[in-house]
1. Hey, what do the phi angles of the range A:29-36 turn into as Karplus ³J(HN,Hα) couplings, whole Hz, using 6.51/-1.76/1.60 and θ = phi - 60°, x for Gly and Pro?
2. Across peptide B:37-50, how many C-beta atoms of other chains are within 10 Å of each residue C-beta, on average?
3. Through the Karplus equation 6.51 cos²θ - 1.76 cosθ + 1.60, θ set to phi - 60°, convert the phi angles of the range B:368-377 into ³J(HN,Hα) values in whole Hz; use x for Gly and Pro.
4. Work the Kirkwood hydrodynamic radius out for the range B:327-444: mean of 1/r over every pair of different alpha-carbon atoms, inverted, in Å.
5. Could you tell me the calculated FRET efficiency between B:ASN281 and B:VAL460, based on Cβ-Cβ distance and R0 = 25 angstrom, to the nearest 0.05?
6. Given a Förster distance of 35 Å, report the FRET efficiency between A:GLU70 and A:LYS91 from their Cβ-Cβ distance, rounded to the nearest 0.05.
7. Once the Cα atoms of the range A:19-61 are picked out, what are the Rg and Dmax in Å?
8. Tell me, in nm to one decimal, what length is gained between A:SER162 and A:ASN104 on full extension, where the rule is 0.36 nm per residue of separation less the Cα-Cα distance?
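What follows draws every value from the coordinates through simple rules; no lab data is involved. Just so you know, these numbers come straight off a predicted model, no measurement behind them. We place every Cβ from the backbone using ideal geometry, glycine too, and count neighbours over all the protein chains shown.
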Amino acid sequence: MASDSECQQDRQSWQAEYMQMFVTNQRRIHAFIRTIVPSKPDSEDILQETSITGWSKYADVAASLHGAPESFVSWICTIARFEALKHYRKKQSHMLPFSESLLNELADRQQQQSEHLELRYQALAICVQKLSQTDRELLQRRYEFDAKPQQIADQIGRPVNSVYKGLQRIRAALMTCIERVLHAEGFAR
Amino acid sequence: MTDSSRSPSSDRELPRLLAELCDDALNANDARRLAELLEANPQTQQKYIEYVHLDACLQYDSILTAGRGKPVQDPQTCDPNRSTVSLPSAFSPTGSRRSEMQSPAFFSRSFISSWTMPILSAAIAIVITATVTWRIVSRTSNTQVVATTSPDEPKTINRSTQLPVVTSLNSKQRSTTLQLEGIGYVTLDGPTDFALIGPMRARLNYGRIKMRVTESTGRGFVIETPDGEVTDLGTEFALSVAKGSDTSLIVREGMVDLRTGEAATPSPPERLVGGEAVSFNAGGNIQRIMSIVASDVDSLGSWPGIPATEPLIESVADNLRGPEVKSYYEIVHGGFCEDARAYVDRNYEWNGLDALGMPEFLIGADYILPFNNDRLAKDLEITVTLARPAILYVLFDDRGPTPQWLRDSFVDTGLDIGTDEDTGPIYRPKPRQLGKGPGVSIDNRFSIWSRKIGDAGSIVLGPRGGKTGRAMYGIAAVPLESK
């Protein structure tokens, strides 16, 4: 039988492993949640709840995940999915009018293409580098500094409508670029 | 029945709705319309997932700060150290203090600031503290380190507060490596005047250092020099400060921001990414370093003006890149061997095709790490300057036609060599991984072409030619007299 100190060591070991796995894969987990729950504040709340629930359950599954990042992401995204549904039921009136069946469909679809979405992220990293300085600055204001389009318009002295259009244009260009990069690298769907 | 989710109007509608969703501008009617479109059409769901995924990924600052470009100043604070937040103790190696970090936009908004993560972290801190006890013994409180590794002076370590904690110090005959808690490693090479002067700041007055930031909390660490300052954005880089000459900066991985001039009035930042190298001075003059010399693949690298022992390949240059480009070729003197890195911009290695290994005459050759991305450059000219008579080898990918310039002036030795290729910049479902040693995980075969060069001087090599899917050629040289 394992001694108390051995149990303590095991516990410490998986706790550290969980934290490392969670932090390392946080972007993927958060992106998964965002597609089910697009609201940024809500998705961040769900990320919190997911981290807590995963923490309480990790000891039971750690051995079966074999420390593999893909297995961890798949497991934690399943938890995130249930946390999103719970959250959605609680706060439905404040969220998008998605039915639960649609949420489940989106979650299924996304979990099935986890690797494809990771590919898209890698391609995005390349495409962002191809943006003009002006476009990159606009994205930085929107995403890095979390400024609303109206705030950006005030900062740069442009009509707010042109900021909306600019952001829409840049994201469309990035979507096109991602497809091109994936195609060039032999990952066309 | 009309399917409104697939009408031409919905094709125009969807991008607008998605953009409004991502910019928090979706009203209730539009939200209902978006839900309707998604409920009705799986293709729309796919577009929705990809678009929102893009939006989520852009939230992560590493995407937006990757690559070149002047960062925009935070409109909220106009403070370059913007969004500095306290991290839970679990994120620092010993769990003994809160660490400061340049926060990603995501962290700054809610994740770290909530109560949940510190609770998790407190538990983790206990674990991590226990595992690093042996290192804690070697330090006291917060420690200021002024390390002077001149051969004439002993190392001195003074202490004050609010400075990085040095958790280990590893001194070898020629170099000393400091491990900085929550930041990473600094290696001081030879005579060096280096001081930690703030929680995220150090000064190099003289000498050569290599810095590798291994912790996310180390991002934003600044090293001042008399010619300007370098801000780490998650990377490995090397700096050389010498009296009477410009300061040199080589970025091996990741990226840094360079500001020339005195710290009080620095210039706007210039971003450099892995594979770029420059020399700079306090007057703001920044010059590309065309090639660097490494005495071996893992070394600090020799610096311009500090020649390695009896180099055969003196320099390499190309006709493609203007002064705005900072990428460097790497010359490795005597470094050609199994698992030698093949390109500056790819994690590929040279290897023998089978267990017998690579041809013996290539082992220990001087060689050049070119840019694999140049494989499609039609007008490429690479000028290799040799210090003395040599046999110059071109290692040419067998998957395409041989260009005329190669057939005209080189001879196919009939021998081949291979490359072992790691997954490139794109994630692959079945990633290729590097093997160790000859004949292991060889991905492509290259013919070895040779040419005797009777005199010191420059040789011009042409473009690789052909289509995509083939690799750039490699270049190696051995002394003529030894063959």
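1. So the Karplus estimates, Gly and Pro as x, are 5, 5, 5, 4, 5, 4, 6, 7 Hz.
2. Average per residue, whole number: 4.
3. With coefficients 6.51, -1.76 and 1.60, one gets 10, 8, x, 9, 5, 5, 7, 4, 9, 6 Hz.
4. Computed over the range B:327-444, the radius equals 15.5 Å.
5. 0.20
6. 0.70
7. 10.6, 31
8. Gain in length upon complete extension: 17.3 nm.
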